[in-house]
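Peer 1: This structure is in structure tokens; I'll ask about it shortly.
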Amino acid sequence: MNTLKISSHAKKEAGGKADSLFYQEVDNLWADKEKLSCSGPGAPAYYKVLGRSAHIKAWPKRLLIAQQLLLTGPRFTMYSLPERQYILGSSVNWHAPLLESDLSDPSISHAKVSDLCYLERGIVLTAPGFRVYGHWLLDFLPRLVLAKKYLDRSEEKVPIITRKIPPWAWPFIDALNLRNDISEHDKYRGIVLGEAIVPLVAKEGEVYSESALFEAFSQLRQYLFSQPATRYKRMKERYGDNCFDKVLIVRRKPPYASNQRELGEKLEKIGFISVDPQEYSLAEQARIFSTASIVVGEDGSALHNIAFCQPGTQVMMWGRSDRINLRHLSVARAAGVEFSVFPGSGSMDNYRVDIEALLRHL
């Protein structure tokens, strides 16, 4: 299996022939802060892992331009026909295990030539994590920002090639006024693009560019705050303007702490309100997080909504002691919140949170 790893911050051609695979910048560099802030009992483990990651100083707003690119499968495996290599890397959110999984499924990996769709040009939105909310905030939204910049400067209309958009993901697209540019394709039909424009994710590993996320979050926040939020307003009318001051984010799907219910009851007694994000629209979720002064919750995609918090908001996350999630730290940096980590104890399938210690930390 020939693979070519693409980096979002490489300063020269990705490899191979210059006319078949190259980068294009669409704006000036993002400048990042060098200091990372994280507190709480779990912070040392986070810093240890972070020390093994790339040190972030700046990220380019960069597109990968590929000639004769074959897209197959539900996640868009990307195969460069001239280079005869699959394209992988953090910057395209594609990794070897995902590729091996897709290529082992004959129903989606071996597209018949007669069934292929041939397009002259297209902006490719690669699809790993396509049905996960957190990936839309961190991976797809910044790439849509780059796609928007490219389209605004393009002299011709270029479609954004995707698989079927999840219904709840359309606000991300509408925030950038890209609905009419989306071209959805069936997952069982391969696509050959004469020229593919691939917006690159501003990250390496699990560490994202703070400035990239900040710009993307700002555009989404502006759009969501212009949308109706009926349930949010009713809650404030019923329970008062400060009802979302202290927010506990409820996680419905495992894994979660075995004593989650007891923890929730203790927190509600000291003024926290339990919020299940699935019960609110995205516009309502944005308002809830922007109103809160303290947000606590389990490690998971719902906690990525701290992207909507005001700078200085206190955020505490707990979860399995063996799980280090630098994505949340990247979001926290972009939002300017005070982020702390509280690890649980026990096995992956059965772990608990020390409630009294957590309350003392709060």
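Peer 1: Show 91, 183 ordered by accessible area, largest first, where the area counts protein heavy atoms only and the probe is 1.4 Å.
Peer 2: Details: 91 0, 183 35 Å².
Solvent-accessible surface, decreasing: 183, 91.
Peer 1: Quick one: if you stick a label point 7 Å off each Cα along the C-beta vector at residue 293 and residue 24, how many nm between them?
Peer 2: Placing both labels 7 Å beyond Cα along the Cβ direction yields 5.0 nm.
Peer 1: Here is a follow-up. Solvent-accessible area per residue for segment 128-205 at a 1.4 Å probe radius, Å²?
Peer 2: Details: 2960 Å² over 78 residues.
Accessible area per residue, segment 128-205: 38 Å².
Peer 1: How high is the FRET efficiency between residue 265 and residue 222 when r is their beta carbon distance and R₀ equals 35 Å, given to the nearest 0.05?
Peer 2: The formula returns an efficiency of 0.40 here.
Peer 1: Return, ordered by residue number, the residues of segment 171-189 whose backbone nitrogen is under 19 Å from a label point located 7 Å along Cα→Cβ of residue 115.
Peer 2: Correct set: 184-189.
Peer 1: Ok, one more. Using 1/(1 + (r/R0)^6) with R0 = 41 angstrom and r between the beta carbons of residue 310 and residue 84, what's the FRET efficiency to the nearest 0.05? Each step should come with its number before you reach the end.
Peer 2: Values: r = 50 Å, r/R0 = 1.23.
So the FRET efficiency works out to roughly 0.25.
Peer 1: Between residue 48 and residue 241, how many nm apart are label points set 7 Å from Cα along the C-beta direction?
Peer 2: Each label point is offset 7 Å from its Cα along the Cβ direction, giving 4.7 nm.
Peer 1: Per residue, how much accessible area does segment 235-311 have with a 1.4 Å probe, in Å²? Numbers along the way, then the final one.
Peer 2: Working: 3540 Å² over 77 residues.
Ligands and nucleic acids excluded, the result is 46 Å² per residue.
Peer 1: With the dipole of segment 137-178 worked out from charges on the C-beta (+1 for Lys and Arg, -1 for Asp and Glu) around the Cα centre, which of 168, 146, 158 lies farthest toward the positive end?
Peer 2: The residue sitting farthest along the positive end of the dipole is 168.
Peer 1: Quick one: dipole size for the chain, taken about the Cα centre, charges +1 on Lys/Arg Cβ and -1 on Asp/Glu Cβ, in debye to the nearest 20. Let's see the in-between values first.
Peer 2: On the way: 47 positive and 41 negative charges, 58 e Å.
So the dipole magnitude of the chain works out to roughly 280 debye.
Peer 1: Separate question: Calculate what fraction, in whole %, of the accessible area of segment 141-273 sits on carbon and sulfur atoms when a 1.4 Å probe is rolled over the protein chains. Show your work: numbers first, answer last.
Peer 2: Values: 3000 of 6620 Å².
About 45 percent, which is the carbon plus sulfur part of the accessible surface.
Peer 1: Also: State the percentage of accessible surface on segment 319-362 attributable to carbon and sulfur atoms; use a 1.4 Å probe and exclude ligands, DNA and RNA. All intermediate terms of the calculation are to be shown ahead of the outcome.
Peer 2: On the way: 850 of 2000 Å².
Here carbon and sulfur together make up 42 percent of the probe-accessible area.
Peer 1: Considering only 353, 328, 343, whose Cα is most displaced toward the positive end of the charge dipole of segment 323-362, charges sitting on Cβ of Lys, Arg (+1) and Asp, Glu (-1)?
Peer 2: Of 353, 328, 343, it is 328.
Peer 1: So, one more: List the relative contact order of segment 220-311 as a percent without decimals, with contacts defined as Cα pairs under 8 Å and 6+ residues apart.
Peer 2: Working: 109 pairs, mean separation 36.0, N = 92.
Relative contact order here is 39 percent.
Peer 1: Distance in nm between label sites at residue 170 and residue 252, each 7 Å beyond Cα in the beta-carbon direction?
Peer 2: 2.1
Peer 1: Would you work out which of 225, 123, 101 lies farthest towards the positive end of the dipole of segment 86-228? Charges go on Cβ: Lys and Arg +1, Asp and Glu -1.
Peer 2: 225
Peer 1: If you stretched the chain out fully between residue 338 and residue 186, how much longer would it get, using 0.36 nm times the residue separation minus the C-alpha to C-alpha distance?
Peer 2: On the way: separation 152, 0.36 × 152 = 54.72 nm, distance 4.27 nm.
The span from residue 338 to residue 186 would gain 50.5 nm if fully extended.
The values are calculated or read from the model by the stated rules, or taken from the named source; none is laboratory data. These numbers were taken from a predicted model, which means no experiment stands behind them. Using ideal geometry, Cβ is built from the backbone for each residue, glycine included, and neighbour counts are taken over all protein chains shown. Note: areas computed on protein heavy atoms with side chains; ligands, DNA, RNA excluded. Shrake-Rupley method; radii C 1.70, N 1.55, O 1.52, S 1.80 Å.
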